[in-house]
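The values are calculated or read from the model by the stated rules, or taken from the named source; none is laboratory data. From a predicted model like this one, the values you see are computed outputs, not experimental measurements. FYI the Cβ positions are ideal-geometry reconstructions off the backbone, even for glycines, and counts take in every protein chain you see.
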Amino acid sequence: MSQLMIEKTEVFVKEKLKDESSGHDWYHIYRVKKLAENIAEQEGADHFICVMAALLHDIADEKIAGTEEKGLQEVRLWLESIAVENQYLEQIISIISTMSFKGGNQSAMQTLEGQVVQDADRLDAIGAIGIGRTFAYSGAKGQLMYDPEIPVREKMTKDQYRNEKSTAVNHFYEKLLKLKNTMNTTYAKKLANERHAFLESFLEQFFGEWEGKK
Ligand code: ADP
Ligand code: NI
């Protein structure tokens with residue numbers, strides 16, 4: 001399948017996400033695509049499927065499409081309109097539907113290509129970029145960056161997420177620090193270990209500065 005299809009898809013996704021402010025802006029897609037390419041190369045996964053699924057992975061997100069079904073239908077129509085071969089189309093759709101499924105435990109990725117794209121998406125939530133995204137999201141939601149009076153919770157229910165106060169630093173414990181152990185591929189595990197160490201050293205410095213000790 002062709003480079004031209006990838007380029008057309010980039011234009012399509014960039015246009016769709018240009019006003020997106022829920023943490024799924026075009027440059028999140030840009031980074032996930034780059035990561036997916038690098039991981040795919042190391043792991044011997046199919047380049048076309050990984051890149052296309054990375055580019056389209058957030059189009060079916062409820063926050064963007066309204067419902068997952070509507071989003072998946074839109075992705076299908078897009079792939080048909082640029083004449084992606086059926087066998088590739090089905091694999092790309094299958095990856096995106098597994099990734100955007102939010103209910104309960106996410107089902108395990110069946111294919112290497114799916115594992116690569118899921119790893120790439122999760123890697124973009126940790127490291128320096130992950131820290132930046134978390135503080136940006138918290139600011140947009142009107143949360144404090146940190147509040148010593150809000151207990152740190154490692155596990156939150158959906159209701160707690162909706163109803164209780166949280167902070168940017170809380171989100172590290174709720175989610176970011178757990179992502180390292182969810183990586184599928186060997187190369188992503190290596191990158192995740194480095195990004196995780198960066199999160200930990202950031203927190204150590206942060207709490208030191210908080211008490212005027214660093
Ligand atoms: P995705 O759909 O990419 O799995 P989310 O939509 O949950 O991720 O979040 C996108 C980004 O927004 C994350 O990388 C994270 O940094 C930030 N984010 C999500 N939820 C919170 C939260 N409760 N507090 C702070 N940041 C958050
Ligand atoms: Ni994403």
| query | If you go through region 139-159, how many residues are within 30 Å of residue 189 (Cβ to Cβ) and not in a helix (DSSP H, G or I)? | reply | 8
| said: Which numbered condition in (1) within 16 Å of ligand 2 (Cβ to nearest atom); (2) surrounded by 15 or more Cβ atoms within 10 Å (Cβ to Cβ); (3) not aromatic (Phe, Trp, Tyr) is the only one that residue 167 fails? | reply: (1)
| task | Using the structure shown, decide if residue 93 is out of contact with any Cys (no Cβ under 8 Å at 6 or more places or on another chain) and over 16 Å from residue 12 (Cα atoms). | result | yes
| query | Looking only at region 46-60, which residues are closer than 11 Å to residue 95 by Cβ and hydrophobic (A, V, I, L, M, F, W, C)? | reply | 49, 50, 52, 53, 54, 56, 60
| Some residue of region 147-157 being without any contact (Cβ under 8 Å) to a residue 40 or more places away in the chain, within 15 Å of ligand 2 (Cβ to nearest atom) and under 27 Å from residue 199 (Cβ atoms) | no
| field | Single residue of 202, 198, 172, 135 found to be touching a Gly at 6+ places or on another chain (Cβ under 7 Å) and not assigned by TED's automatic domain parsing to the domain that holds residue 33 | value | 198
| said: With the structure loaded, tell me whether residue 16 is within 16 Å of ligand 1 (Cβ to nearest atom), surrounded by fewer than 23 Cβ atoms within 10 Å (Cβ to Cβ) and touching a residue at least 24 places away in the same chain (Cβ under 8 Å) or whether it fails that test. | reply: yes
| Do any residues in region 27-51 that are of a type in the set (Gly, Ala, Ser) have Cβ atoms under 6 Å from those of residues that are surrounded by fewer than 20 Cβ atoms within 10 Å (Cβ to Cβ) and in a helix (DSSP H, G or I), where the two are at least six apart or on different chains, and which pairs are they? | 40/47; 45/112
| message | Based on this model, can you work out whether residue 42 counts as over 23 Å from residue 115 (Cβ atoms), away from ligand 2 (no atom under 16 Å from the Cβ) and in the same structural domain as residue 61 (by TED's automatic domain parsing)? | response | no
